[in-house]
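A.B. asks: The following block contains the structure, expressed as structure tokens.
The values are calculated or read from the model by the stated rules, or taken from the named source; none is laboratory data. Predicted, not measured: the structure shown is a model, and the values here were computed from it. Note: ideal-geometry Cβ built from the backbone for every residue, glycine included; neighbour counts use all protein chains shown.
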Amino acid sequence: MNRAPASNPRPASARPAHVSLRDRCRELGVPVWRYSATGHILASPNEPGVVGQWLASAAIERLIEKQVQQWQGSDEPRPAQPFPGCTLVPLSDQHRRRRGAVSVAMILSRRALDSEQFLLACQAAMLDARAARKAIEPVARFGDDDAEAVARMLGWMHEDLRGALDAEQKVMQFSRQLTECYGEISLLYRLGQSMNALEEPLRFVRLACEELHAVLSFGWIAACFLDEVPEARSLQAQTIVSGEAPTPASDFAPRARELVREAARDGRSIIDGASSSGLATPDAQVLVHTVSHRGVVVGGILASAKQGDDRLVSSSDQKMIGAAAGSLSVLLENAWLYEDKQAMFLGTLEALTTSIDAKDPYTCGHSERVAHLAAELALALGMSREQAERIRIAGLVHDIGKIGVPEGVLCKPGRLTDEEFDLIKKHPEIGEHILRDIPLLGDVLPGVLSHHERFDGRGYPHRLAGEDIPLMARIIGLADSFDAMSSNRTYRAAMNRETVLGEVRKGAGTQFDPALAKVFLTLDFSTYDEMVARHHRQATAGDDRFGRPSLGKAPASQNPATQKEAA
């Protein structure tokens with residue numbers, strides 16, 4: 001028999017699924033072999049004593065190797081019975097639909113001990129048949145009718161282990177991405193705070209024009225961005241004028257853009273009035289300095305109608321406008337780089353929270369919907385868009401602490417025990433601990449930590465009451481409860497809208513801030529309903545190979561009252 005050479009050890013970041021599978025099968029008394037994709041044996045059962053000798057016999061190993069070879073020729077390998085009372089279950093590793101190594105689990109029933117193959121294996125291992133039978137009886141513990149059910153259970157367990165490993169690796173990858181971009185995002189964020197421009201480049205452009213107009217003696221100074229250049233992003237086709245423009249805005253913008261194109265083509269920064277398309281008198285000049293982004297001209301700064309005795313553009317004017325255009329190019333580069341990094345940061349957070357929601361198909365899109373509802377409520381309360389956006393981000397990450405809660409507890413369909421509910425109640429503090437070292441998220445921590453506090457003081461983790469609960473947390477808590485009641489869960493079906501709104505009214509003053517509840521009831525839920533439909537389509541798009549409950553409705557055997565609280 002050929003043995004594959006030992007492979008390099010995997011990083012200690014995640015426990016391989018096949019190792020966990022082997023450990024669990026050992027607890028069940030199920031021996032497991034592991035073969036490479038090419039049919040070389042990688043590991044044999046390491047059972048002690050007579051059982052190990054019998055399993056390691058040439059007869060058994062030849063039998064399993066032959067079965068593995070047969071599976072390699074099959075598109076969809078299925079459990080096989082090489083001899084009476086023995087079922088071999090293939091548990092294949094797959095990566096991007098390509099089959100990899102395979103673990104082979106052997107399920108033995110008592111009938112196997114009476115088979116000819118059992119005696120042949122005893123002879124091959126030079127074992128006394130009676131002694132071997134007595135030693136192997138604890139392993140051959142399954143009834144003949146149990147093999148199929150155990151095989152299905154092993155398949156589910158293997159798939160769950162692989163899914164958990166994939167999720168863990170994705171979380172680790174997202175964490176690395178957050179760490180890698182944190183330094184750069186933090187620097188750009190501080191720069192934006194000091195200049196108050198990176199988040200609003202158009203505002204900076206307007207201020208730049210106003211400052212230049214105040215310092216220089218031109219009748220008007222304008223910033224004009226081309227309409228055919230996508231690199232201009234949010235500034236595309238924008239025109240800002242400080243001073244008195246020589247023509248109406250509808251005429252000025254296209255003429256100014258043409259002068260910018262001419263300056264980009266010819267490399268000229270001074271254009272005679274006669275050639276200025278009516279933006280300057282014949283005896284005046286127009287000064288144009290282009291603004292570039294990554295080598296592409298996206299716009300320019302223009303100045304004309306110079307005042308005073310000398311109406312011609314001076315070298316000092318050129319230097320000042322040129323320096324302003326150069327500074328604007330650098331600032332726009334930083335602003336758009338900040339925009340990219342901010343999008344990556346938020347995208348990474350969204351991907352991370354999506355992976356957490358995906359631990360349970362019933363919570364698909366939950367964090368995104370809570371973030372939307374929380375932001376809508378903030379705007380309805382009169383908060384600024386900037387404040388609403390911070391509350392939206394808090395809603396997006398409010399359940400990030402569920403990373404630290406066992407999946408078996410999160411997805412449990414029946415009543416939670418007190419111990420299990422205590423585990424659930426830890427997720428706000430876990431989430432706050434995960435996020436507190438990221439300065440960009442410092443202001444959202446109260447929403448994460450306290451979103452399960454109740455207005456009457458009966459919530460968790462600190463039993464805060466009334467306005468001692470941060471406003472952000474009160475907003476997210478209301479949005480969180482609304483979505484939980486409006487969604488299918490493992491323990492109950494979704495409530496209809498009328499019932500949910502009735503529960504919000506009923507909870508005002510006890511679970512919810514009554515002032516917030518009153519405003520919440522006036523919200524337009526049409527966008528929320530579209531999100532629910534989209535998330536439902538996403539959750540039901542793939543086929544479920546292991547018989548998990550459909551998202552169409554919750555299991556009828558579960559009563560909502562049996563669950564302690566929507567976590």
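A.B. asks: Out of Ser115, Ser109, Ser103, which single residue is closer than 24 Å to Pro138 by Cβ, among the hydroxyl-bearing types (Ser, Thr, Tyr), touching a Lys or Arg at 6+ places or on another chain (Cβ under 6 Å) and modelled with pLDDT of 85 or more?
C.D. replies: After applying the criteria, what remains is Ser103.
A.B. asks: Would you be able to say whether some residue in the range 47-66 is closer than 27 Å to Gly163 by Cβ and at pLDDT 80 or above?
C.D. replies: There is at least one residue in the range 47-66 that is closer than 27 Å to Gly163 by Cβ and at pLDDT 80 or above.
A.B. asks: Quick one: in the range 216-246, which of the residues that are among the polar types (S, T, N, Q) and modelled with pLDDT under 90 is nearest to Ser292 (Cα to Cα)?
C.D. replies: The extreme case among them is Gln236.
A.B. asks: State which residue is nearest to Ala129 (Cα to Cα) when the search covers only the range 67-97 and only residues that are basic (Lys, Arg) and without any contact (Cβ under 8 Å) to a residue 12 or more places away in the chain.
C.D. replies: Arg97
A.B. asks: Suppose we filter Glu432, Glu467 for residues that are more than 19 Å from Leu521 (Cβ to Cβ), surrounded by fewer than 17 Cβ atoms within 10 Å (Cβ to Cβ) and not hydrophobic (A, V, I, L, M, F, W, C); which single one remains?
C.D. replies: Unique residue meeting the criteria: Glu467.
A.B. asks: How many of the residues in the range 25-35 are surrounded by fewer than 18 Cβ atoms within 10 Å (Cβ to Cβ) and assigned to a loop (DSSP other than H, G, I, E, B)?
C.D. replies: Matching residues across the range 25-35 total 1.
A.B. asks: When the residues of the range 500-524 are narrowed to those that are under 31 Å from the mean Cα position of the chain (by Cα) and of a type outside the set (A, V, I, L, M, F, W, C), which ends up nearest to Arg369 (Cα to Cα)?
C.D. replies: Taking the candidates together, the pick is Asp524.
A.B. asks: Sticking with this one: Restricting to strands (runs of 3 or more DSSP E) lying wholly in the range 264-363: which have 3 or more residues that are surrounded by 16 or more Cβ atoms within 10 Å (Cβ to Cβ) and assigned by TED's automatic domain parsing to the domain that holds Gly404?
C.D. replies: Answer list for the range 264-363: none.
A.B. asks: Condition first: of a type outside the set (D, E, K, R), surrounded by fewer than 20 Cβ atoms within 10 Å (Cβ to Cβ) and at positive phi. Can you find one or more residues in the range 386-393 that meet it?
C.D. replies: No, the range 386-393 contains no residue that is of a type outside the set (D, E, K, R), surrounded by fewer than 20 Cβ atoms within 10 Å (Cβ to Cβ) and at positive phi.
A.B. asks: Any chance the range 466-476 includes a residue that's of a type in the set (Gly, Ala, Ser) and at positive phi?
C.D. replies: Taking every residue of the range 466-476 in turn, at least one turns out to be of a type in the set (Gly, Ala, Ser) and at positive phi.
A.B. asks: In the range 364-377, is there at least one residue being over 30 Å from Glu407 (Cβ atoms) and in a helix (DSSP H, G or I)?
C.D. replies: yes
A.B. asks: Could you list all residues from the range 230-263 that are of a type in the set (D, E, K, R), closer than 18 Å to Glu210 by Cα and buried (at least 18 other Cβ atoms within 10 Å of the Cβ)?
C.D. replies: If the condition is that a residue be of a type in the set (D, E, K, R), closer than 18 Å to Glu210 by Cα and buried (at least 18 other Cβ atoms within 10 Å of the Cβ), then no residue fits.
A.B. asks: I would also like to ask the following. For residues in the range 1-46 being of a type in the set (S, T, N, Q) and under 20 Å from Leu108 (Cβ atoms), which is modelled with the highest pLDDT?
C.D. replies: Selected residue: Ser44.
Matching residues to (1) touching a helix residue (DSSP H, G or I) at 6+ places or on another chain (Cβ under 8 Å); (2) farther than 21 Å from Arg26 by Cβ; (3) surrounded by 15 or more Cβ atoms within 10 Å (Cβ to Cβ):
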residue	(1), (2), (3)
Gly49	yes, no, no
Gly52	no, no, yes
Glu65	no, yes, yes
Gln70	no, yes, no
Gly73	no, yes, no
Cys86	yes, no, yes
Glu148	no, yes, no
Arg152	no, no, no
